[in-house]
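Presented below is the structure to which this report refers.
The values are calculated or read from the model by the stated rules, or taken from the named source; none is laboratory data. For clarity, every value in this text was computed on a predicted model and none was experimentally measured. Reconstructed Cβ throughout: ideal geometry from the backbone, glycine too, with neighbour counts over all protein chains shown. Side chains are part of the model used for accessible areas, which takes the heavy atoms of the whole protein and leaves out ligands, DNA and RNA. Shrake-Rupley method; radii C 1.70, N 1.55, O 1.52, S 1.80 Å.
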Amino acid sequence: MIDSSSIKQLAGHPFDRRDFLKVLGWSGAAVALSGCGNTSIENGKETVVSYVEAADYVIPGVAVYYNSTCAQCDAGCNINGRVREGRVLKLEGNAASAINRGKMCGLGQAGVQHHYNPDRVREPLLRKGDKGETISWDKAYALIAEKLNGVSGEQVAFLSGAVSGHLKVLLGNYLESLGSKNLYVYEAVAPAVQRAANKKAYGTEMPRFNINKAKVVLSFGADFLGSWVSPVHFSQQYAQFRKGVDGQRGVLVQVESKMTLTGANADRWLVVRPGTEGILALGIINALGASGVTLSGDVAAAVQGYDKARVSNDTGVSVEHLDKLVALLKERTPSLVLAGSAAEGYAHGSQNAAAINLLNQVLGNVGKTIEASASVPFPQMIPAKGNTAALKTLNDDLAAGKYKVLFTYATNPVFTAPGSMKFKANLAKAGFKVAFAHYLDETALEADLVLPLDSALEDWGTQVPEYMAEGAQINIQQPLMEKLHANTQGMGDILLTLVKQREADKYKDFADYYGYLRGSLLTIKGALGSGGTDDDTFWDETLTSGIIKLAGSAEQLSGNASAAGLQLPAAAAADAQYSFHLIPSVTAYLRDGRHTNQPWLQESPDPLTTIVWDSWVEIHPKKAAELGIVEGDVLEVSSRTGSIRAQAYLFPGIHPDAISIPLGRGHEALGRYAKGYGVNPFQILDAVFDQETGELALHETRVKISKVGQRIIVVKDEGAAGGKPEQRRIALSKSTDQVKLSEEV
Amino acid sequence: MKDIREDIAWAKINRDVLVSLENPRKLYWVIVFGALSLFSVGLGCEIYQYQVGMGVANLNNPNVWGLYIATFIFWIGMSHSGTLLSAILHLMHADWRKPIYRFAEAMTTFSLMTAGLFVMVHIGRLWQFYYALPYPNDRGTWPNFQSPLLWDAMAIFTYLSSSVLFLYVGMIPDLAICRDNLHKGWRKKLYTLLALGWEGTDRQWRNFRVTYLTIACFLIPLAVSVHSIVASDFAMSQQPGWHVTSFPPYFVAGALYSGCAAIITLFIILRYVFRFEDYMTKSILKKTVRLTFAIAMVWTYLNAVEFAAVWYGHDMDAKAVLIQKATGPFAPFWWGMVFCGSVVPLMLAFKRFQTNIPVLFAVSLLLNLGMWLERWMIVAPTFSHGYYPWVWDNDQWPSLIQWGMVMGSFGWFTLLFMVFCKVFPSVSMYEVKEMVYHRSLHLKKNETAGQGAH
Amino acid sequence: MSVSNLLENWSQFRHFHPVDDKPHDPYKWAMSIDIDACSGCNACSVACYAENNIPVVGKERFQHGQQMHWMRIERYWPDHDFDFPEQGAEFLPMMCQQCEAAPCETVCPVGATNHTADGLNSQIYNRCIGSRYCSANCPFKVRYFNWYDYPTDETVWPAEMNRQLNPDVSVRGKGVMEKCTFCVQRLRAAEVTAKGEGRIVREGEVQTACQQACPTSAISFGNLVDPESRVHKQWQAQQVEMNVDEQEKDKEPGGSHLRGYRILEELRPYPSVMYLERVRESAI
Ligand SMILES: Nc1nc2c(c(=O)[nH]1)N[C@H]1C(S)=C(S)[C@@H](COP(=O)(O)OP(=O)(O)OC[C@H]3O[C@@H](n4cnc5c(=O)[nH]c(N)nc54)[C@H](O)[C@@H]3O)O[C@H]1N2
Ligand code: SF4
Ligand code: SF4
Ligand code: SF4
Ligand code: SF4
Ligand code: SF4
């Protein structure tokens, strides 16, 4: 095995790293110019003598490793791609990364299946009626210019997923050149409410959470081991937390209505009536006050009335558990209280989050386990964050027929917009729709022009993570191999071409995005702390490490969460007609469904149910017995917006008044591995929004269920024993008073 | 009731048996056609499985063995009665074996050949089956002599070759009769070749008897060991429900049992199809039925011993398998086995059923069904309820491909058997003559004694 | 190949380690998995797919129980009745335990699965005839059979997807058995490199793919006979001995405070994987 350090040893080898990068960087142009004769073994024209005259960056039989950045989610883990004979084989973690320290999640590793996916779009496609027709890039660019001709900036909009770094800069420049301010950034499962609540409580949207320094973590539905913010980073913190500060093992208490992966790892999992997380938080503050913790006047006033009896009654958490929890929080400090998407997905989500953050303040955690995070000193590169509020505005504008040209990139709202928005119908009202896409997903299928993108393993880029693990960092994304398909282009290259259509002079020095990126980074070399190094060395070092670590200034943390304006509604009354809360769950491996076409992920058993390749409805066994439902019964789940059908799975980790269906499946497009597997709960989500941020209240949809009279076999890994060890000594456990962790290796 | 009429003329014996080689009843052809069709179904299934992969059998992890192994044991078991009983009865001078031993031995040979097919259709890489044979090769590889499967391969191969030899040697005098009595044609050539120049000289008879006796002596321990070794495939493993000391005798009893049941079935069919009513008499049938009943009770007893040993033992995992057999998804089949294997044979205790041909035919089929279920109930439940609960899985129903091959094996066996009976004398002519002769001597002695007393 | 040769080599052929005449030298690869740290995230399993060319079988075959995951994450609920899993679940990563006295080895008719001198249960794909006896006798049921011919199956590795295949690892055709190898290709590369440099593989120099990915570092892997290795230290600290079917510490009245245990140890396969028990907080 060759690790990244051995790459340096290769320097003495007749192997020129810079040439390799140049070839890769220029490959698009090279293929276009020469057509063939490329030394590539991966350009689809493999020759029998290839290894006799292999390109000089290929050492037959020897794997080389290049650092880059994982593009499967926004956490920005730094990766190390294993490449052999010019093909990328495996993505591993970059050990030098503060974010993931050499580790990776399953979703991240599946990035190679994004790259090699057989269903990638390979040619620019122009809509001809119901069909797409292949056209050349030149024609495609000309068409865009033509469509933009005489169109005012107001009539153009760009809908994007989260973007950061130089791509964001270039995107901004392009829109500016069009005179448009209409950049809509939309991420279906973004922590938008959390950002707002954090900003209020701590003065920063995304502070650092030090799980590893906490003795108790009380999480209100924050699935930090699964899908929340930066799961690989938090998983490592969690492992340290379990080993404990001074040998005392950290205690995890999870409060939620549907068990998440994090909940499954808790020492105490407290099931609450959906939406009452804030009430529980205030109840804990009240009880802490009663047990002698000093509360400021306004806090004391705010929690008045949240006595144990009432809180227990509202939330369903027993007084006994409340007492134990309060005692634990009081005794073991510092602790850390987290508000996750489960607590925030309500019309009063911001209030829930505020109440939970207030608990941190009361416990004195701010400044200890919650710290200011470092930030990148280039505001234009900081991620553009997405939320559903932005999508809602766009949707309203589309409905009003405002846009003549609409660009979409890295987001799939036709699949993820709540059904109640009728986004697909409104999208049709846009004049000319251009989708920059890797696959024909639901949104690309609605476009008039589809432009095929390079995969993240073929493209150049920079990325700035929203959540900074330690110091600030800029992540480098670089090609790990030559392009798989001759006619795809990098998003940066496309934007550069487009912006050149408007302002050719300004960008004439940049032959391509690689040049742009290199040039831009070199100009800020000084600010990046490498003022003294010469350009080539700086550039080589940057590419070799894949991370630019910045001294970075820490943001200011304000520990002044106040109880002002805190107004929690009473626990929601039962809805006679739609008696269940629908919890659309976000899984670690499928998230919002953009990677569902990666077979490793489809076949990766859901950790809690072990189901693969399909959707399911989680229902509590007692409730199921009441309704005569058994595993595999197909249920019709109807909301006021619509209905879907999926198989029942009896799951003890859910509140009996709730059912849960995972997000991410139910594609009608996206290729062979995604299309036709499962159902899409986004389709039946009601239009209920958080009152403060305007963010979609993901958990506010109420549903009713009925059996349709069909029963199917649930495809899962768990066998007939239902995950009970049946008295066999298999998965054992001991309680903390039986072990001596400090004596362990 | 007599085992055989003493007054049958030797010439008639020859005629009756030889006619079976040429002119059976119509039903014969119906059976052959049916068998051929069944075999074709099985063959089609195997071709499909070979092309696509074992997955089409709907086997999985942990259910890696299925009907193929169950049916393999079934056919191995079936093979036992023929040769083993023939040899034992021969040594014990039980002359009522004489009219029926030939087809019983043929049954042995063909059921072994059928069992062998299941080894082939079971293994994932049929084309590499010879890796399991110990032959010197330049890769320096040998099979693993520790594996019961290897013992199996050797035991079965030895048993098959010895059984063929036993069958063949016992047939030599009859082949000579065929040679001498049949018209010219390929058959005559075949008989001439196989009869090895049999003249019926004293020396030939002497050598013949010694050879036949020696093979019979050799076969008895061999037959016992074969099914003991098949039992070792399970008993030597570590799995709950298989790791049972009493498995070898239990398997041997089961083997004799199913073999006897099969003899009854075939007895009835041959008797009708080839018009052997004079030779395959109800009296002989009755003796066979009584023997079957005795073995059924031994088998029942050994079953009870096994269940009791598990029930009172400390191996909780084995107990769990037993409970699952009786109450889980396999319960209908397991109770079916108990019913067919232990309850149905009680009918054989009643005299009036012991010679009732329709009843016996039905009973013998049920007994065989029970014995097939027994094998399946040994194999499948342990897989679906082993040591490791995470992989417990009872939903794996064998696919039509597996059933198709099980059916096909019955077709294959029947086909071989029916062709044999048409080509070779399925009743031993020379031994029936001996039997008639001895009985008539006995009769004469009685008569003389009677006269003397006068 | 002569019979005398066979007899001479017989003791070599069937050997289990370590015994007096043949100690593990210089390697005995072993693992320990802390299920208190393991979050059940499945990253290790995906890493194993990526490293070891494991086919994705698809929904229908998965339904038939024909999935190939060498590393599976089992999710356990408490054995007793409960309304809600208030103490969470337990996750257990399960793969071939590389038994020292492997029940799968003795039964293979063709010797396709063997014990290596460095303590692995090896699987020789070319030798395997697919009798599946090894799987029948594996108590953990961690052997996976190629029920179909995945390399030629268009749904599994269609064009482009096949370029991800790791050339260091065979792609298995239909009819052969496979299972976790402890990433033997990585071990061999490391062993050969070390040998070339006249030393043994150092602690941390080689990682299994699952260990490498694991976000909680729940998996430790190394050379059990190297006193410097973490695995050695962990086994020692937990007082888990390789060659016994019941650990001394477990005979203490009231049980031991040590968390190390091996699964189905009482069957005497002598697994090379030690698990560390999950811990549950007593104060809550
Ligand atoms: N002088 C001399 N001559 C010899 C021998 C000797 O010892 N000395 N040995 C003889 C023997 S035993 C042998 S086997 C032959 C071997 O002779 P060749 O078959 O010529 O073997 P190589 O030269 O090793 O490899 C052939 C080419 O295949 C390429 N290659 C490797 N993998 C791939 C692939 O996946 N696809 C394609 N298209 N190409 C690939 C390699 O880069 C190389 O260029 O030589 C024989 N000739
Ligand atoms: S959390 Fe996983 S998917 Fe997200 S960046 Fe890290 S490795 Fe990639
Ligand atoms: S775990 Fe199973 S497959 Fe692995 S060595 Fe042990 S018995 Fe063999
Ligand atoms: S499946 Fe292969 S390795 Fe397993 S016992 Fe059979 S031949 Fe041996
Ligand atoms: S050690 Fe290697 S082969 Fe075994 S489970 Fe881990 S990754 Fe897979
Ligand atoms: S990767 Fe680590 S934490 Fe995740 S399931 Fe595997 S062993 Fe557990």
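Based on alpha-carbon atoms only, what is the radius of gyration of chain A relative to the globular estimate 2.2 N^0.38 Å?
0.97
What does the convex hull of the Cα atoms of the range B:226-357 come to per residue, in Å³, rounded to a whole number?
Once divided by residue count, the hull of the range B:226-357 is 121 Å³.
For chain A, take the longest principal axis of its alpha carbons; what is the angle in degrees between that and the long axis of helix A:165-178, to the nearest 10 within 0 to 90?
Taking the Cα atoms of chain A, the angle to A:165-178 is about 70 degrees.
With a point put 7 Å past each Cα toward its Cβ, work out how far A:GLN501 is from B:GLU6 in nm, to one decimal.
Rounded to a tenth, the inter-label distance reads 11.6 nm.
Could you give me the percent of Cα pairs per 5 Å distance bin for the range A:192-371, shortest bin first, beginning at zero and ending with the bin that holds the maximum distance?
The calculated distribution, bin by bin, is 1, 9, 19, 24, 24, 15, 7, 1, 0.
Which helices count as membrane-span-like in chain B under these terms: full DSSP H, at least 24 Å along the axis by C-alpha, Kyte-Doolittle mean of -1.0 or more?
The answer, listed by residue number, is B:26-52, B:67-91, B:101-122, B:148-181, B:202-235, B:247-273, B:282-312, B:357-384, B:400-423, B:429-453.
What is the spin-label model distance, in nm, from B:LYS26 to B:HIS314 if the labels are put 7 Å beyond Cα along the C-beta direction?
In this crude label model, B:LYS26 to B:HIS314 measures out at 6.8 nm.
One quarter of the convex hull surface, Cα atoms only: what value does that give for the range A:580-727 in nm²?
Hull-based average projected area comes out at 9.7 nm².
Please work out the FRET efficiency for the pair A:SER296 and A:SER152, using the Cβ-Cβ distance as r and a Förster radius of 35 Å; give the result to the nearest 0.05.
In this case the efficiency is close to 0.10.
Amide H of A:SER68 versus every other amide H placed in the peptide plane: which residues, excluding those fewer than 5 positions away on the same chain, fall under 5 Å?
Here the answer is A:ILE79, A:ASN80, A:GLY81, since their amide H atoms fall under 5 Å of that of A:SER68.
Under the rule of -39500 (n - 2.57) per DSSP H run of 4 or more residues, summed and divided by the residues of chain A, what mean residue ellipticity at 222 nm is obtained, to the nearest 500 deg cm²/dmol?
Helix contribution divided over all residues of chain A: -8500 deg cm²/dmol.
Can you compute the helix-only [θ] at 222 nm over chain B? Use -39500 (n - 2.57) per DSSP H run of at least 4 residues, normalise by all residues, nearest 500 deg cm²/dmol.
-24500 deg cm²/dmol
Taking only C-alpha pairs under 8 Å that are 6+ residues apart, what is the relative contact order of the range A:580-727 in percent?
It rounds to 34 percent for the range A:580-727.
With a cap of 11 neighbouring Cβ atoms within 10 Å, and only residues DSSP puts in a loop, list the chymotrypsin sites (Phe, Trp or Tyr not before Pro) found in the range B:172-233.
none
Relative contact order for chain B: what percent, with Cα pairs under 8 Å and sequence separation of 6 or more?
34 percent.
Which listed residue (A:PRO60, A:SER579, A:SER152) has the Cα farthest towards the positive end of the charge dipole for chain A, taking +1 on Lys and Arg C-beta and -1 on Asp and Glu C-beta about the Cα centre?
Looking along the dipole axis, the top candidate is A:SER579.
For an R0 of 45 angstrom, estimate the FRET efficiency from the Cβ-Cβ distance between A:GLN556 and C:ALA237 and round to the nearest 0.05.
0.50
Let me know the Kirkwood hydrodynamic radius for the range B:43-146, please, with Cα pairs as the basis and the value in Å to one decimal.
Computed over Cα pairs of the range B:43-146, the Kirkwood hydrodynamic radius comes out at 16.4 Å.
Please list C:HIS232, B:HIS438, B:HIS227, B:HIS314 in order of solvent-accessible area, largest first, computed with a 1.4 Å probe with all protein chains present.
From most exposed to least exposed: B:HIS314, B:HIS438, C:HIS232, B:HIS227.
When the label point is put 7 Å from the Cα of A:VAL630 along its Cα-to-beta-carbon vector, which residues of the range A:636-655 have a backbone N closer than 19 Å?
Counting only backbone N, you get A:636, A:646-652.
Angle between the Cα long axis of helix A:231-243 and the longest principal axis of chain A, 0 to 90 degrees, nearest 10?
Between helix and principal axis, roughly 50 degrees.
Return the calculated 222 nm mean residue ellipticity for chain C, to the nearest 500 deg cm²/dmol, obtained by summing -39500 (n - 2.57) across DSSP H runs with n ≥ 4 and dividing by the residue count.
-6000 deg cm²/dmol, from helical runs alone.
Which whole number gives the average count of other chain Cβ atoms within 10 Å of the Cβ atoms across peptide A:737-743?
Other-chain Cβ atoms within 10 Å of each residue's Cβ, averaged: 5.
Taking the DSSP beta bridges in the protein assembly as shown as the whole, what percent of them are antiparallel, to the nearest 5?
55
How large is the translational diffusion coefficient of the range A:196-270 in µm² per second when you combine the Kirkwood radius over alpha carbon pairs with Stokes-Einstein at 20 °C and 1.002 mPa s?
In µm²/s, the coefficient is 168.
For q = 0.11, 0.14, 0.21, 0.23 Å⁻¹, what log10 I(q)/I(0) does the range A:298-428 give under the Debye formula with an equal point scatterer on each alpha carbon and no solvent?
-0.68, -0.89, -1.31, -1.48
Skipping prolines and chain starts, which residues have an amide H placed within reach, meaning under 5 Å, of the one on C:GLY111, given they are 5 or more residues away or on another chain?
When sequence neighbours closer than 5 places are left aside, the close amide H contacts are B:ASN144.
Enumerate the amide H contacts of A:GLN489 below 5 Å, restricted to partners 5 or more residues apart or on another chain; note that Pro and chain-start residues carry no placed amide H.
A:LEU453, A:ASP454
Label-point separation (nm) for B:TYR168 and B:ARG203, each offset 7 Å from Cα along Cα-to-Cβ?
According to this spin-label approximation, the distance is 2.3 nm.
Are there GluC sites (Glu not before Pro) in the range C:198-284 that DSSP marks as loop and that have at most 12 other Cβ atoms within 10 Å, and which are they?
Filter output for the range C:198-284: C:GLU228, C:GLU246.
Please give me, ordered by residue number, the GluC sites (Glu not before Pro) of the range C:82-162 that lie in loop per DSSP and have at most 14 other Cβ atoms within 10 Å.
C:GLU154
Which FRET efficiency, nearest 0.05, do A:THR523 and A:ALA400 yield, Cβ-Cβ r, R0 51 Å?
So, using R0 = 51 Å, E works out to roughly 0.75.
Can you tell me the mean projection area, over all orientations, of the convex hull of the protein assembly as shown's alpha carbons? Units nm², please.
65.5
Roughly how many whole Å is it from the C-alpha centroid of the range B:316-344 to that of the range B:222-265?
Taking the Cα centre of each part, the range B:316-344 and the range B:222-265 sit 18 Å apart.
Could you run the Karplus curve 6.51 cos²θ - 1.76 cosθ + 1.60 with θ = phi - 60° over the range A:207-214 and give me ³J(HN,Hα) per residue in whole Hz, x for Gly and Pro?
Running phi through 6.51 cos²θ - 1.76 cosθ + 1.60 with θ = phi - 60° gives x, 8, 9, 9, 4, 5, 9, 8 Hz.
Please list the three semi-axes, largest first and in whole Å, of the ellipsoid equivalent to the range C:145-284, using sqrt of 5 times the eigenvalues of its alpha carbon gyration tensor.
Ellipsoid semi-axes (Å, largest first): 35, 22, 16.
Partner chain Cβ atoms within 10 Å, averaged over the residues of C:49-57 - can you pull that number for me?
Neighbouring Cβ atoms belonging to other protein chains average 5 per residue here.
Averaged over its residues, how many other protein chain Cβ atoms are within 10 Å of peptide A:238-251's Cβ atoms?
3
What longest region of chain A stays clear of GluC sites (Glu not before Pro) that DSSP places outside H, G, I, E and B and that have at most 13 other Cβ atoms within 10 Å?
In short, A:54-667.
Across every pair of different alpha-carbon atoms, what Kirkwood hydrodynamic radius in Å does the range C:23-276 reach?
This gives a value of 19.3 Å.
To the nearest 10 degrees, how steep is helix A:17-34 against the longest Cα principal axis of chain A, on a 0 to 90 scale?
70
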